[in-house]
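Presented below is the structure to which this report refers.
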């Protein structure tokens, strides 16, 4: 039981009157990559955005069920949301660097958590950029505005920014959907490396990507988790007819 | 006739109409500028800027008027900026979206369209009479502050709304609180546009005459409000005083208005010279706003 990152039972979520998740039960293991696939509007983004409570920002959002991270209820009144979001980092669909320097983009998360010593900041900024495989490309112009970077570089900067605050889990919400194939390959390679130290959940529209990067896969359809298991099993011998139809491209 | 030819002619007709309307507006402005300049340029001199008003047109100057204008603008800015930007941040970032905030929003939008003389009457009743501030710099500054407040709130909200939601998400996702997100990410990114709106609002306030006349600003003043800082030879050398806030004042538009209504020819020349100075101030403020906006646009492409 100790070796479980997320333990979720009967999770239901809705925006206003529209129910988008209809009882999801799933267990996610640490130091593995879990890919969530499914057609648009199936609830996979809502699912992943509930895990760091970023959906709390949407006023009409409602959620119920047992949603545990490391045996603690994420939605408990006592939960410190700020600390939760530091521990469970998130990378978004569209690269969203702050309109500041590359350095400041990464130092921001550290500063708001009380790091002030310049040497420490420098060290963590460099380490984070190295982990995100961006250091060699930007080390000479850390003062440059992050918006001048290419889309793929911006996304890796966003990953570095997330890594800087030392999270345990990383949520990727379609991180490559706005990127070209070369940048996509770089990010996939990165995810593969990061698996050793982090629990990773990735939402993707791209089934080849899911097959390439993940250890476990979940197939979402109309707010339900149709199938969940080892990626290899799911892509070679899907148990459910709907999963088979989807991954063979018969719909969606 | 051929349909194509008709469409083509209609197209050129509208183009010509568009040019005509644009040229008309510019021409009227140009005529105004040239006329004022021809009348008043000869009167512009150092003397004009450093003399108090006088019964003799050739000796009269605008010293008390422009010093008064600076005083009023400083007071207006000091009051309207924190209040306006503060309320805009609250309404845009914190306030729940319900009927009450909806009502507040509509009220602010309507207030921005209320004629300035009404604000003058409010100032007269509230600040001059009820608060007993008399016809002081403070009363004038407060009156102009509530006049520009709705405009500042609206333009600041617009600037905040232009910051993409993804920036806020990014900030929350690394564990920032709401205040940290607003203060470190949203405000700095919106600052250029906020300043543009504020400066445009202030440049409108510079030329406001009606509310100041309504609260009874004087038109003939032969002394200046006491400066906030004075220097002297003896210890402690520098003296701070807010007495100036309670001194009576006049302002550029009032001085101009006063001169225009005089029958003597010399005063209308003075009025033109005063208008040149006032136009110069407004133009300078607007240029700063344009430069700020340009630099902001260059800096951020989302």
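Just so it is clear, none of the values below were taken in a lab; they were calculated from the coordinates. In this text, all values refer to a predicted model and were calculated from it rather than measured experimentally. All Cβ positions, even for glycine, are placed from backbone atoms using ideal geometry, and neighbour counts span all protein chains on display.
Numerical summary
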| item | result |
| --- | --- |
| Of all DSSP beta bridges in the protein assembly as shown, antiparallel share, percent nearest 5 | 65 percent |
| Extension reserve of the residue B:54-residue B:12 stretch, reckoned as 0.36 nm per residue once the Cα distance is removed | 9.4 nm |
| Exposure proxy ranking, count of Cβ atoms within 10 Å, fewest first, for B:285, B:238, A:234 | B:238, B:285, A:234 |
| Inter-site label distance for residue B:4 and residue A:83 at 7 Å from Cα along Cβ, in nm | 7.6 nm |
| On Cα atoms only, tilt of A:181-194 relative to the major axis of chain A in degrees | 90 degrees |
| Intensity falloff of segment A:6-247 expressed as log10 I(q)/I(0), Debye formula with alpha-carbon point scatterers, at q = 0.12, 0.13, 0.17, 0.18 Å⁻¹ | -0.68, -0.80, -1.29, -1.40 |
| For segment A:138-218, convex hull volume per residue from C-alpha positions, Å³ | 103 Å³ |
| Stokes-Einstein diffusion coefficient of the protein assembly as shown, Kirkwood radius over Cα pairs, 37 °C, 0.692 mPa s, in µm²/s | 115 µm²/s |
| Nitroxide proxy distance, nm - points 7 Å out along Cα→Cβ at residue A:115 and residue B:44 | 5.6 nm |
| Residue-averaged beta-carbon neighbours from other chains (10 angstrom radius) around A:85-93 | 3 |
| Shape category assigned to chain B from the gyration tensor of Cα positions, a/c cut at 1.5 | oblate |
| Pairs of alpha carbons in segment A:1-106 whose separation is greater than 19 Å (percent) | 49 percent |
| With Cα atoms, 0 to 90° folded angle of helix A:102-112 axis to chain A main axis | 80 degrees |
| Gyration tensor verdict on segment B:227-302 (Cα atoms; rounded if a/c is under 1.5, prolate if a/b is larger than b/c, oblate otherwise) | oblate |
| Rule-of-thumb Rg ratio for segment B:11-70 [Cα; 2.2 N^0.38 Å; N residues] | 1.86 |
| Antiparallel DSSP beta bridges within segment A:6-247, as percent of all bridges there, nearest 5 | 60 percent |
| Centre separation in Å (Cα based) which lies between segment A:1-64 and segment A:112-165 | 29 Å |
| Extended-chain gain in nm, criterion 0.36 nm per residue less alpha-carbon gap, residue A:232 and residue A:58 | 59.0 nm |
| Share of alpha-carbon pairs per 5 Å distance bin for segment A:86-213, given as whole % | 2, 12, 22, 26, 20, 12, 5, 1, 0 |
| Cα centroid separation - segment B:191-244 against segment B:19-65, whole Å | 22 Å |
| Residue exposure sequence - B:260, A:91 - by fewest surrounding Cβ within 10 Å | B:260, A:91 |
| Within a Gaussian network of chain B (alpha carbon springs, distance under 10 Å), most fluctuating of B:17, B:27, B:283 | B:17 |
